[in-house]
């Protein structure tokens with residue numbers, strides 16, 4: 001009886017193993033059918049094709065895969081910054097691409113959707129960070145670059161006669177004021193040799209002969225021991241033509257400053273890429 005029981009047990013084990021082997025063979029046969037002659041079309045069902053597509057998109061979004069001669073950083077180092085397009089320059093700040101878009105693609109999209117480079121640079125933080133493929137890190141880098149430009153021009157002014165470097169003076173005031181969305185009143189305080197002692201924004205808001213406190217301008221001039229001044233304000237509308245209120249303000253400034261021995265050398269009105277000089281138009285007499 002014991003031998004019979006052992007035989008039945010062995011038979012059951014063998015039968016179970018045969019079933020397992022048969023199941024494995026069926027699975028292998030099913031797998032083989034996937035790899036047919038149509039170019040592995042069934043492989044897509046197991047996610048391989050989508051993974052390949054993701055890798056292709058990743059490759060397309062990486063400028064580092066391009067020939068060195070076409071990469072913005074390498075072009076700048078070899079041929080100079082003037083050799084780069086606006087999109088390529090902006091891409092150096094954008095840094096990395098996103099799926100399906102290189103940093104240059106992102107830059108081109110920003111330039112197109114915002115009507116050019118100047119408009120992109122004038123975007124506020126929230127507006128900028130809402131753009132495709134960029135965030136606060138890129139915004140911070142661009143703001144730092146703009147501030148470096150302003151400080152560079154300010155330093156050039158401080159080392160030279162403001163009147164003998166009129167273009168530097170114009171460039172600095174334009175960079176400082178032209179993209180402001182509100183009116184600003186800016187002053188350059190000069191010593192007796194017309195060197196810049198201090199550059200400062202004094203007021204913001206509506207700039208006219210009633211809103212600018214003339215007394216405070218005079219106090220600031222005396223505080224900095226200024227012998228002369230150049231003032232400027234912007235027109236957010238973009239039109240640099242002096243208004244009647246601008247002319248009245250200038251006349252009051254001339255009179256008040258002359259009473260304390262400070263000469264008003266010029267008043268600039270900054271518009272959209274253009275400055276109007278009161279001195280050049282003989283409006284300071």
Original post:
Between residue 181 and residue 279, what length comes free when the chain is fully extended (0.36 nm per residue of separation minus the Cα-Cα distance, one decimal in nm)?
Top reply: 32.7 nm
Subject >> Stretchable slack from residue 263 to residue 140, in nm (0.36 nm times residue separation minus alpha-carbon distance) >> reply: 40.4 nm
Original post:
For 231, 218, 270, what's the fewest-to-most ordering of other Cβ within 10 Å of each Cβ?
Top reply: 218, 231, 270
Subject >> FRET E, pair residue 82, residue 251, Förster distance 45 Å, beta-carbon r, rounded to 0.05 >> reply: 0.55
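Relative contact order of the range 148-285: what whole-number percent is it, with Cα pairs under 8 angstrom and at least 6 residues apart?
Rounded, it is 24 percent for the range 148-285.
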**OP:** Please tell me the relative contact order of the range 60-134 in percent, rounded to the nearest whole number, where contacts are Cα pairs under 8 Å and at least six residues apart.
**Re:** 27
**OP:** Take residue 69, project a point 7 Å from its Cα along the Cβ direction, then tell me which residues of the range 77-101 have their backbone nitrogen under 14 Å from it.
**Re:** 78-79
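First measure r as the distance between the Cβ atoms of residue 89 and residue 237, then evaluate 1/(1 + (r/R0)^6) with R0 = 30 Å and state the FRET efficiency to the nearest 0.05.
Plugging the Cβ-Cβ distance into 1/(1 + (r/R0)^6) gives 0.55.
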Original post:
Over the range 60-134, what lengths in whole Å, largest first, do the semi-axes of the equivalent ellipsoid take, defined as the square roots of 5 times the eigenvalues of the alpha-carbon gyration tensor?
Top reply: 21, 15, 9
**OP:** Starting from the Cα-Cα distance between residue 204 and residue 129, subtract it from 0.36 nm times their residue separation and give me the gain in nm to one decimal.
**Re:** 24.4 nm
Original post:
How big is the C-alpha Rg of the range 153-285 next to the rule-of-thumb value 2.2 N^0.38 Å, as a ratio?
Top reply: 0.94
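Quick note: the coordinates plus some simple rules give every number you see, no bench work behind them. Note that the structure is a prediction, hence the values are computed from the model and not measured. So basically every Cβ, Gly included, is an ideal-geometry build from the backbone, and we count neighbours across all protein chains shown.
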